[in-house]
Structures are given as structure tokens and as C-alpha cells.
Amino acid sequence: MNINKKEIFVMCMAWLFPGLGHYILGQKRRAYVLGGVILFMYVYGIFLHGQVYTPGDQNVLFQWGALVELGLGPLYVALALTPFSSGVVKSFTFEFGTSFLITAALLNYFAIIDVLDVMRGRHEVEEGIPVDSEE
């Protein structure tokens, strides 16, 4: 199970910007949907005053949360360096916002794995509809 240079490149592009890996592979509809959903969740998580976990947190679970949120790529780094990273704990939407940010990162990890699956031919996709579906 070796990963070649093209696969690494496309997976890195998928990590750099949500949906970009699928776009490079020619799956534009899937790229737009995944990228749009992930970016929406990211922006909405900020809007809901969610917290961004950073590696410097004292709590070990928060450090693991930072590893998870690293799945957002440069979006995570950009947000972690702003005053918005701490969230607003007194806001009643704080937990929802934090959940949105973590879920966006996890979804991007799944999108990166899906890019590798598509490149290796584990599932064929034709215009966003699986070829082997029976209707």
C-alpha cells in the first residue's frame, strides 16, 4: 500500500482547501458540495462563538482537539492566530460553535480519505452518483 507522489500532492491540495482535491480529480460537483459544506460549518462555528483548540492548551483533551482541528489546514492556522480562537464562553451558542468547528475539520479529513479512494479506484463516481447503485 504505497502512496505515490501524485496521490500525496492531491491529498495535500485537499488539505490546503476543502474540496480542492476532488476538483483536481474532475469531480467538480462533489468538490463544490464538500467545500461549501465545510466552509459553511467553519464560518458558522466562528459566528456561534466557538472555541478553536490550540496545541498550547493545558488540558490533554484540548490538545487532541487541536490535532483534530488541524484537519482544516491553513484555515485552522489562520483562525488560531486571531482573537476569535478563544470563542465567547458566556455565549449560549459556544458549545454549538465549537462542535461546528470540530465537525468541519473531521469532514475535511473524510474528504481527504475519499480523494485517495477515488484515485485508487475503490469507488467510481459519475456526476456525483455512484455507478454501482441499483435503482
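State the number of residues belonging to the stretch 13-44 that are at pLDDT 95 or above and not in a helix (DSSP H, G or I).
Going through the stretch 13-44 one residue at a time, the tally reaches 0.
Restricting attention to the stretch 75-103, report how many residues are within 15 Å of TRP15 (Cα to Cα) and touching a Leu at 6+ places or on another chain (Cβ under 6 Å).
So the count comes out to 1.
Listed here are the residues, each with its yes/no results for (1) farther than 30 Å from MET119 by Cα; (2) crowded, with 16+ Cβ neighbours inside 10 Å.
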site: LEU39; (1), (2): no, yes
site: TYR42; (1), (2): no, yes
site: GLY45; (1), (2): yes, yes
site: HIS49; (1), (2): yes, yes
site: THR54; (1), (2): yes, yes
site: VAL60; (1), (2): yes, no
site: GLN63; (1), (2): yes, no
site: LEU70; (1), (2): no, yes
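Anything in the stretch 75-96 that is at pLDDT below 90 and in a helix (DSSP H, G or I)? List them, or say none.
LEU75, TYR76, VAL77, ALA78, LEU79, ALA80, PRO83, PHE84, SER85, SER86, PHE94, GLU95
Any residue that is at pLDDT 80 or above, over 20 Å from the mean Cα position of the chain (by Cα), of a type in the set (Lys, Arg) and farther than 23 Å from LEU34 by Cβ - is there at least one of those in the stretch 109-125?
For the stretch 109-125, residues at pLDDT 80 or above, over 20 Å from the mean Cα position of the chain (by Cα), of a type in the set (Lys, Arg) and farther than 23 Å from LEU34 by Cβ: absent.
The values are calculated or read from the model by the stated rules, or taken from the named source; none is laboratory data. Worth saying up front: this structure is predicted, and the values here are computed from it rather than measured. Glycine also receives a Cβ, built like all others from the backbone with ideal geometry; neighbour counts cover every protein chain displayed.
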